[in-house]
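K.L.:
Would you mind keeping the following structure in view while I ask a few things?
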Amino acid sequence: MKKQLHSCVVCKVRPPAMREIPYCFACWPGGPVTPPPCRKCGSTRDYWSSGLCARCHPSAPGSKSPVWRNGGLFAENKVVIDSCIDCLCWGTTRTFRWLCQGCRAWRERYRTIGVCPTCAMPDVHLHDKSGSCRLCHKQRGWLSRETGQRISTFTLAEANRRGQQLFLIGMFHFEGSGPVPYRKVTVPPDMSLLRPVAWEQLTLFDAPRDLRLGLAHGFPELPDTALMAAFNAHVNDHARRFGWAHAKSERVKRGIRVMLAIQDTPGAAIRRSDVALLSRIKHSAQVVADVLADAGMLAEDRQPAVVRWFEATVAELPAPMRHELSVWFDVMRNGSTTPPRQQPRQDTTITSKLRWAMPALRQWASEGVMSLREIGRDNVKAVLPREPGRARSCLLQGLRCVFRILKGRKLVFVNPTLKIKVEEPGPTIPAPVDLAQLRALLNSADPATAALSALLAFHAIRLCQLRHLKLTDYHDGRLHLPNHVVVLAEPVRQRLTAYLDYRQRMWPTSTNPYLFVHVRSWSHHRPVWPNWICRQLGMSGQQIRRDRILDEAHATSGDIKALIELFGLTAEGAIPYAVARRDPPTEPRPSTSPA
C-alpha cells in the first residue's frame, strides 16, 4: 500500500519538496526556490516531490485533482499531457497511467514484454505471433489505408522501413469523437482493369461453344478474379443508375462471369457473338451486352443482317456479276467521298432496290451472261414486263440504281437504262380499316394500346416517331415532334395521361427517356421495337395512319396545305393523298369520347 504524502504546511495544496522538509519549493523560507530537474526524465517543469516531476512520480494526482485548478506554480498547465509510453501517440495523461486506450487493451491481451524486433523499442508488450509492438502493427494498418491495398500485402518490416507515422490519441481509427457505427472496410476494386488488353491469344480453330453443357458440368475457373471484381462494381453502379432489382443485377453478373470463363484471351474485349450464346441458357444477352458496352469491354463482331442477306441473295449469280454488285452494295451502304459522291442509304432502301433488280439479274445469269458489262439497252427492254404498272416501274428503278453506280465506278461501259421511259403507277388508295377493331383498340383496357391507337387514329403519327417519342416531347397538351408541333385532341390527352400513370405505377424507378416502354425495355435506354407496336395494335399501324390522312384529305377536298400543317407531311408526300379519291365511309368514324 502506497504511503500518502502530506501537504505543504504553508499552502496546504502542493506536496513537500522532500520527505524530510515540510515545505514545497514555492513556499520555501526565503524563496520561492527553483526546483531541481526531475531525476528520472530530466524535466524542469511540473516538479512534484522527492526529485520527480508530476509525470514520473507514482503518487502525483490525475487530471481531475484540485491541484491543477488552483493558482500558483501549476496554474499555467492545469493538466499534464504527454505522449503514450508504448505507441508514442500524443494526448495521454496521468489519469490513464500515460497509456492510450489502444495500448491499455494491447497490454491486457499480450503479456510478453521485451524488445521489439522491428523498431527495437525496449520494454514493450509484444504480439504473440509476430513478436512486434503495437506501434509497428499500427504503422502497417495506416499504410494499408493510404495505399488502398490489403493489409496482408505488407510485412511489418516493409511497413516500418521508412520510419513511423505518429498520431494524436483517439484519431487513428475514425474522425471526430464518440461511438461510430460499424462499417465494413474492403479494398475497392481496380476499375482500371476495365480496359481491353492490346494482345490476342490466337487459336488453332474456332470450336462451337455449348453453354448448356457448362450448366450441367460447370464452367472453367475465372482466369482473373480482380477483373471480375471490377465488373461486379460496374454492374452495381449500372444497376443503381437504371433502378434494377438485386436479382437482375446478379443475373447480369453471372452472365459476365460465364463470358470471362470461356474467353480465349483473358482481359480482352468480349465478342458480341459470344454474348449472344447466353440466350441459349435463358440469360438476357442484350442486357449483358449493354453493360459490357457501357464498360468499354464489348467487341462487335457480328455481321449485319443486311450483309448476310446480300451474300445469300447474290450467291447464285456468276462471280464477275457478284463482284460488280458487291461494289454497288458497298457504295449504297457506306456512301462515297470520291466523285461521283453519294450519301449512305438506309438498309431498307438497299434491299428494296436489289429485290426489284434481282428478277432481271437472274434471267441474264441463266442466259449465260457473266458480267453486267455485257448488258445493253435491248437486254433491259427484253426483261421489262410488257404491261405497264408497278412491276415494270420497280424493275426499271432497281436496274437504274445498279447501273448508275457501276457507271460512276467505271465497271460498265454505258448505262443501258438511260432514255427508257415507263409510266409511273398512280397512287394507290389505302384499304379502309376495320372500324369495329379500331374502336376496340381505342377503348382497350391496356393503357399502352389505347394511347398508341389514339395517336394513330387522331393525329396519324408515324410509327418511327411513336418509337422515338420521349417523355419531354409531351407537355402543355402538345406533342413536340422534330418537324412540327401537334395540338393533341382531348381523347388523346386523356389516354396519354392514363398511360403515364400506368407507367409510373408499374416502373417507378425506370430511367428510360422514351415515352413508351414495356416489361423488358424499362430497365435500359433503348426505344421499343417496331414489332412491339404491331403486337400491341394487332393490326397494321401504317394502315391506320394512311386511313386517317386519306379521311382528312376527303374532308378538306384535297387541301394539300391542310395536310402538310396537320400531319407534318412534305409537299411530295401530301400530293398522293390529295389526288387519291374514294367514296366516303358508310359507317361513322370512331367516337372521340374516352372509354
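K.L.:
Within the stretch 397-411, can one find any residue that is in a loop (DSSP other than H, G, I, E, B), touching a Leu at 6+ places or on another chain (Cβ under 6 Å) and not acidic (Asp, Glu)?
P.N.:
Initial filter on the stretch 397-411 (in a loop (DSSP other than H, G, I, E, B)): 409-411.
With the extra rule that they be touching a Leu at 6+ places or on another chain (Cβ under 6 Å), the set shrinks to none.
For the stretch 397-411, residues in a loop (DSSP other than H, G, I, E, B), touching a Leu at 6+ places or on another chain (Cβ under 6 Å) and not acidic (Asp, Glu): absent.
K.L.:
Please determine whether any residue of the stretch 360-368 is part of a helix (DSSP H, G or I), open to solvent by 40 Å² or more (accessible area, probe 1.4 Å) and without any contact (Cβ under 8 Å) to a residue 40 or more places away in the chain. Don't jump to the end; show me each part of the working.
P.N.:
Within the stretch 360-368, the subset part of a helix (DSSP H, G or I) is 360-366.
Adding the requirement that they be open to solvent by 40 Å² or more (accessible area, probe 1.4 Å) leaves 362-363, 366.
This time we only want the ones that are without any contact (Cβ under 8 Å) to a residue 40 or more places away in the chain, so: 363, 366.
For the stretch 360-368, residues part of a helix (DSSP H, G or I), open to solvent by 40 Å² or more (accessible area, probe 1.4 Å) and without any contact (Cβ under 8 Å) to a residue 40 or more places away in the chain: present.
K.L.:
Sticking with this structure for a sec: Output the qualifying pairs, or none if there are none: Cβ atoms under 8 angstrom, residues six or more apart or on different chains, first residue in the stretch 183-201 and closer than 9 Å to residue 230 by Cα and modelled with pLDDT of 90 or more, second residue of a type in the set (D, E, K, R) and open to solvent by less than 100 Å² (accessible area, probe 1.4 Å).
P.N.:
Going by the 8 Å Cβ cut-off, the qualifying pairs are 193/224.
K.L.:
Right, next: Between a first residue in the stretch 555-581 that is polar (S, T, N, Q) and a second residue that is surrounded by fewer than 19 Cβ atoms within 10 Å (Cβ to Cβ), which pairs have beta carbons less than 7 Å apart while being 6 or more apart in sequence or on different chains?
P.N.:
556/562
K.L.:
Select from the stretch 150-166 the residues that are within 18 Å of residue 186 (Cα to Cα) and open to solvent by less than 80 Å² (accessible area, probe 1.4 Å) and list them in ascending order.
P.N.:
153, 154, listed by residue number.
K.L.:
Since residue 562 meets every condition but one in (1) open to solvent by less than 20 Å² (accessible area, probe 1.4 Å); (2) part of a helix (DSSP H, G or I); (3) of a type in the set (Gly, Ala, Ser), which condition does it not meet?
P.N.:
(1)
K.L.:
Pick out the one residue from 437, 465 that is over 26 Å from residue 512 (Cα atoms) and open to solvent by 20 Å² or more (accessible area, probe 1.4 Å).
P.N.:
On the way: 465 fails: over 26 Å from residue 512 (Cα atoms).
So the residue among 437, 465 that is over 26 Å from residue 512 (Cα atoms) and open to solvent by 20 Å² or more (accessible area, probe 1.4 Å) is 437.
K.L.:
Please go through the stretch 242-277 and pick out each residue that is at pLDDT below 90 and under 13 Å from the mean Cα position of the chain (by Cα).
P.N.:
Matches in the stretch 242-277: 242, 243, 244.
K.L.:
Another question about this same structure. Do you know which residues across the stretch 511-521 are within 17 Å of residue 469 (Cα to Cα) and surrounded by fewer than 18 Cβ atoms within 10 Å (Cβ to Cβ)?
P.N.:
511, 513, 518
To keep it simple, each residue is scored yes or no on (1) among the polar types (S, T, N, Q); (2) surrounded by 12 or more Cβ atoms within 10 Å (Cβ to Cβ); (3) over 26 Å from residue 96 (Cα atoms); (4) modelled with pLDDT under 75.
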site: 16; (1), (2), (3), (4): no, yes, no, no
site: 22; (1), (2), (3), (4): no, yes, yes, no
site: 37; (1), (2), (3), (4): no, yes, no, no
site: 49; (1), (2), (3), (4): yes, yes, no, no
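K.L.:
Here's something else I'd like to know. Please specify each residue of the stretch 104-127 satisfying the condition of being within 14 Å of residue 156 (Cα to Cα) and either outside any loop (DSSP other than H, G, I, E, B) or acidic (Asp, Glu) (or both).
P.N.:
Residues satisfying the conditions do not exist here.
K.L.:
When you check residue 382 against the structure, is it touching a Leu at 6+ places or on another chain (Cβ under 9 Å), farther than 30 Å from residue 558 by Cα and not polar (S, T, N, Q), yes or no? Talk me through it step by step, then tell me what you get.
P.N.:
On the way: touching a Leu at 6+ places or on another chain (Cβ under 9 Å): no; farther than 30 Å from residue 558 by Cα: yes; not polar (S, T, N, Q): yes.
Judged against the criteria, residue 382 is not a match.
K.L.:
Could you check the stretch 86-131 and list, in sequence order, the residues that are touching a Gly at 6+ places or on another chain (Cβ under 6 Å) and either buried (at least 17 other Cβ atoms within 10 Å of the Cβ) or on the phi > 0 side of the Ramachandran plot (or both)?
P.N.:
94, 126
K.L.:
Considering only the stretch 547-559, how many residues are assigned to a helix (DSSP H, G or I) and either modelled with pLDDT under 85 or aliphatic (A, V, I, L, M) (or both)?
P.N.:
Step one: of the stretch 547-559, the residues assigned to a helix (DSSP H, G or I) are 547-555.
Checking which are either modelled with pLDDT under 85 or aliphatic (A, V, I, L, M) (or both) leaves us with 549-550, 553, 555.
Number satisfying all stated conditions: 4.
K.L.:
Restricting to the stretch 375-396, name every residue that is crowded, with 16+ Cβ neighbours inside 10 Å and part of a helix (DSSP H, G or I).
P.N.:
So the first thing to find is which residues in the stretch 375-396 are crowded, with 16+ Cβ neighbours inside 10 Å, and the list is 375, 379-380, 383-384, 392-396.
Scanning the stretch 375-396 gives 379, 380, 383, 392, 393, 394, 395, 396.
K.L.:
Listed residues 369, 327; which is more than 50 Å from the chain's Cα centre (by Cα), among the β-branched types (Val, Ile, Thr) and at pLDDT 90 or above? Give the steps one after another, and end with the answer.
P.N.:
Values: 327 fails: more than 50 Å from the chain's Cα centre (by Cα).
Result of the check over 369, 327: 369.
K.L.:
Let me ask something else about it. If a residue must be touching a residue at least 60 places away in the same chain (Cβ under 8 Å) and either more than 16 Å from residue 541 (Cβ to Cβ) or part of a loop (DSSP other than H, G, I, E, B) (or both), how many such residues does the stretch 445-460 contain?
P.N.:
2
K.L.:
Out of curiosity, is residue 338 in a loop (DSSP other than H, G, I, E, B), within 46 Å of the chain's Cα centre (by Cα) and of a type in the set (S, T, N, Q)? Walk me through how you get there before you give the answer.
P.N.:
Details: in a loop (DSSP other than H, G, I, E, B): yes; within 46 Å of the chain's Cα centre (by Cα): yes; of a type in the set (S, T, N, Q): yes.
So residue 338 passes the test.
K.L.:
Every residue in the stretch 86-101 that is touching a residue at least 40 places away in the same chain (Cβ under 8 Å) and not in a loop (DSSP other than H, G, I, E, B), please.
P.N.:
Matches in the stretch 86-101: 90, 91, 92, 94, 101.
K.L.:
So, in the stretch 71-85, of the ones that are assigned to a loop (DSSP other than H, G, I, E, B) and at pLDDT 80 or above, which residue ends up surrounded by the most Cβ atoms within 10 Å (Cβ to Cβ)?
P.N.:
First, the residues of the stretch 71-85 that are assigned to a loop (DSSP other than H, G, I, E, B): 71-80, 84-85.
Applying the additional criterion that residues be at pLDDT 80 or above yields 84-85.
Working: 84: 24, 85: 14.
Taking the candidates together, the pick is 84.
Here's the yes/no breakdown for (1) under 25 Å from residue 422 (Cα atoms); (2) small (Gly, Ala, Ser):
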residue: 312; (1), (2): no, yes
residue: 324; (1), (2): no, no
residue: 331; (1), (2): no, no
residue: 348; (1), (2): yes, no
residue: 360; (1), (2): yes, yes
residue: 378; (1), (2): yes, no
residue: 383; (1), (2): yes, no
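K.L.:
Do any residues in the stretch 386-402 that are in contact (Cβ under 8 Å) with a residue 40 or more places away in the chain have Cβ atoms under 7 Å from those of residues that are hydroxyl-bearing (Ser, Thr, Tyr), where the two are at least six apart or on different chains, and which pairs are they?
P.N.:
Qualifying pairs under 7 Å: 399/417.
K.L.:
Residue check: is residue 509 part of a helix (DSSP H, G or I) and touching a residue at least 12 places away in the same chain (Cβ under 8 Å)? Lay out the reasoning, then the answer.
P.N.:
Values: part of a helix (DSSP H, G or I): no; touching a residue at least 12 places away in the same chain (Cβ under 8 Å): yes.
In short, no.
K.L.:
Oh, and also: Kindly provide the set of residues from the stretch 205-221 that are without any contact (Cβ under 8 Å) to a residue 24 or more places away in the chain and part of a helix (DSSP H, G or I), ordered by number.
P.N.:
If the condition is that a residue be without any contact (Cβ under 8 Å) to a residue 24 or more places away in the chain and part of a helix (DSSP H, G or I), then 213, 216, 217 are the ones that fit.
The values are calculated or read from the model by the stated rules, or taken from the named source; none is laboratory data. Owing to the predicted nature of the structure, the values given are computational and were not obtained by experimental measurement. Glycine gets a Cβ as well: all are built from the backbone with ideal geometry, and neighbour counts include every protein chain shown. Calculation scope for accessible area: heavy atoms of the full protein, side chains included, ligands and nucleic acids excluded. Shrake-Rupley method; radii C 1.70, N 1.55, O 1.52, S 1.80 Å.
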